[in-house]
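These notes are about the structure you will find just below.
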Amino acid sequence: MTRRRWIAENWDESTATLAGAQAEHMIRVLRAQLGEEADVVAGGKVFHSVVASMTDGGQGGTSEVRFNLIAEVESEPGMPVTLVMSIFKFDHMEWAIEKATELGVASIAPVIARRTEKHLAQAAMKRSERWRRIAHEAAQQSRRSDVPVIHVPVKLSDRVKAASTSKRFVLAEQERSATLRGALVEAIAPAEAEMPALEIAIGPEGGWAPDEEALFDTSGWQAVSLGPRILRAETAAIAALAVVASMLE
Ligand code: SAH
């Protein structure tokens, strides 16, 4: 049986701990036993581990599960991609964050685009914690050895203009000639199969405003297409990651 995987909050060279809701879930729902084996992610590495102690804090107390780390196990490399995701309807966005995490995204940068709905833009700051929790759970579930970073939401223009060493692409349904796949093939060719770090921007439900398209262009982002059909923003996010994933094999 594959061992359950946990991502620890705190660790040192030989132990790691889970606290709060994760610890309570492990103790009360999964009825973990002392000596039980698990894979524990600590500091981006995965360790074959055993449960060494458990404290159920009860109502209002602090619960904790402590593991002894036995040996490092090999982990899958992540995908060097940051999704610059215009904030769109929260339920769709949460779905996109969960699925992007499963596919191996390194980080997600939520941005407020011109056509992001006002009330969503206002509520976005308070959502970051929830997005981080979704990413954490999806990372555990998909047996990742790290949790994608969810950045604090910023205005699109701040992100687009910020300096970056990544190769930067903007998904644009109006683009007719360049495809994401074709652009990646070109990007990889000179580096001899080494995938560079990528940033991929996705527009909101209403698409990019003309001044945003111009800003991407003057800031060195390449417009690319995912094909002739118009995809919903969350579909575009997943399709783009699948294209990158297919090239990492
Ligand atoms: N402007 C469109 C909808 C935008 S779809 C309209 O209302 O008619 C939301 C985002 O998904 C777009 O801004 C773009 O980033 C991405 N997207 C959707 N379909 C795409 C495609 N075929 N190729 C590239 N990006 C696409």
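Across segment 225-249, the qualifying residues are those that are open to solvent by 70 Å² or more (accessible area, probe 1.4 Å) and more than 8 Å from the ligand (Cβ to nearest atom), and the one among them that is modelled with the lowest pLDDT is GLU249.
Looking at SER86, SER128, SER107, just one residue is touching a His at 6+ places or on another chain (Cβ under 9 Å) and under 21 Å from THR235 (Cβ atoms), and that residue is SER107. Note on segment 56-76: residues that are more than 24 Å from the chain's Cα centre (by Cα) and open to solvent by 70 Å² or more (accessible area, probe 1.4 Å) amount to 6.
Pairs meeting the criteria (first residue in segment 97-119 and in contact (Cβ under 8 Å) with a residue 40 or more places away in the chain, second residue of a type in the set (A, V, I, L, M) and open to solvent by 70 Å² or more (accessible area, probe 1.4 Å), beta carbons under 6 Å, at least 6 apart or on different chains) are SER107/VAL149.
For segment 46-55, the candidate set comprises residues that are closer than 13 Å to ARG3 by Cβ and in contact with a Lys or Arg (Cβ under 9 Å, 6 or more places away or on another chain); within that set, the residue that is surrounded by the fewest Cβ atoms within 10 Å (Cβ to Cβ) is HIS48. Just one of (1) within 14 Å of the ligand (Cβ to nearest atom); (2) closer than 21 Å to ILE112 by Cβ; (3) of a type outside the set (A, V, I, L, M, F, W, C) fails for SER219. It is (1). You will find that of SER128, SER157, the residue that is out of contact with any Asp or Glu (no Cβ under 7 Å at 6 or more places or on another chain), at pLDDT 95 or above, of a type in the set (Gly, Ala, Ser) and more than 17 Å from GLY78 (Cβ to Cβ) is SER157 and no other.
Within segment 1-45, how many residues turn out to be buried (at least 19 other Cβ atoms within 10 Å of the Cβ), of a type in the set (Val, Ile, Thr) and either in contact with a His (Cβ under 7 Å, 6 or more places away or on another chain) or farther than 16 Å from ALA138 by Cα (or both)? Going through segment 1-45 one residue at a time, the tally reaches 3.
The set of residues in segment 87-131 that are over 20 Å from SER142 (Cα atoms) and aromatic (Phe, Trp, Tyr) comprises PHE88, PHE90. Pairing residues of segment 162-190 that are more than 13 Å from the ligand (Cβ to nearest atom) with residues that are in a helix (DSSP H, G or I) and open to solvent by less than 30 Å² (accessible area, probe 1.4 Å), at Cβ distances under 6 Å and at least 6 apart in sequence or on separate chains, gives LYS167/ALA187. Filtering segment 77-98 to residues that are more than 15 Å from ARG130 (Cα to Cα) and either open to solvent by 10 Å² or more (accessible area, probe 1.4 Å) or away from the ligand (no atom under 16 Å from the Cβ) (or both) leaves PRO77, GLY78, MET79, PRO80, THR82.
The values are calculated or read from the model by the stated rules, or taken from the named source; none is laboratory data. The model shown is predicted, which means the values in this text are computed figures rather than measured ones. When we count neighbours, we look across all protein chains shown, and the Cβ atoms used for this are built from the backbone with ideal geometry, even at glycine. Surface accessibility is based on the protein's heavy atoms, side chains included, excluding ligands, DNA and RNA. Shrake-Rupley method; radii C 1.70, N 1.55, O 1.52, S 1.80 Å.
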